[in-house]
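Take a look at the structure set out below.
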């Protein structure tokens, strides 16, 4: 349980620190680092990294969406078969969370292959 919280915290807080100036895939190396440093059950670690990345991307998208009153996300939603602003924000969170989760799986596999158990 402790490692799960560490994975979530590392992905979320390191992602917040690296948010500016890092490309969109910058959360994946953080997930790799979390997978290497905090070994645990693969499924539980993936979920923790996924949730950390999801919360990171959802909060970033929400904070960018609020100042323009959701106009841009509504227009993007119209391009995707009439999705609402909330659906676009959830989709952004999911697409941002996948690199964190798969990064964790990569770090876990690398630790199993090259590191100590």
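In the stretch 1-99, counting only helices (runs of 4 or more DSSP H) that sit wholly within it, the ones holding 1 or more residues that are within 18 Å of residue 111 (Cβ to Cβ) span 2-17, 27-37, 42-65. For the stretch 65-81, the criterion of being out of contact with any helix residue (DSSP H, G or I) (no Cβ under 7 Å at 6 or more places or on another chain), more than 14 Å from residue 10 (Cβ to Cβ) and touching a residue at least 24 places away in the same chain (Cβ under 8 Å) is satisfied by no residue at all. Would you call residue 96 surrounded by 18 or more Cβ atoms within 10 Å (Cβ to Cβ) and on the phi < 0 side of the Ramachandran plot? The answer is yes for residue 96. Once the stretch 9-31 is narrowed to residues that are in contact with a helix residue (DSSP H, G or I) (Cβ under 6 Å, 6 or more places away or on another chain) and surrounded by fewer than 23 Cβ atoms within 10 Å (Cβ to Cβ), the residue that is nearest to residue 113 (Cα to Cα) is 28. Could you tell me whether any residue of the stretch 49-57 is surrounded by fewer than 17 Cβ atoms within 10 Å (Cβ to Cβ), closer than 26 Å to residue 22 by Cβ and touching a helix residue (DSSP H, G or I) at 6+ places or on another chain (Cβ under 8 Å)? No, every residue in the stretch 49-57 fails to be surrounded by fewer than 17 Cβ atoms within 10 Å (Cβ to Cβ), closer than 26 Å to residue 22 by Cβ and touching a helix residue (DSSP H, G or I) at 6+ places or on another chain (Cβ under 8 Å).
The numbered conditions (1) modelled with pLDDT of 90 or more; (2) more than 24 Å from residue 1 (Cβ to Cβ); (3) under 14 Å from the mean Cα position of the chain (by Cα) are all true for residue 62 except (3).
The values are calculated or read from the model by the stated rules, or taken from the named source; none is laboratory data. Computed from a prediction, not measured in an experiment: that's the story for all the values here. No Cβ is skipped: glycine too gets one built from the backbone with ideal geometry, and neighbour counts run over all protein chains shown.
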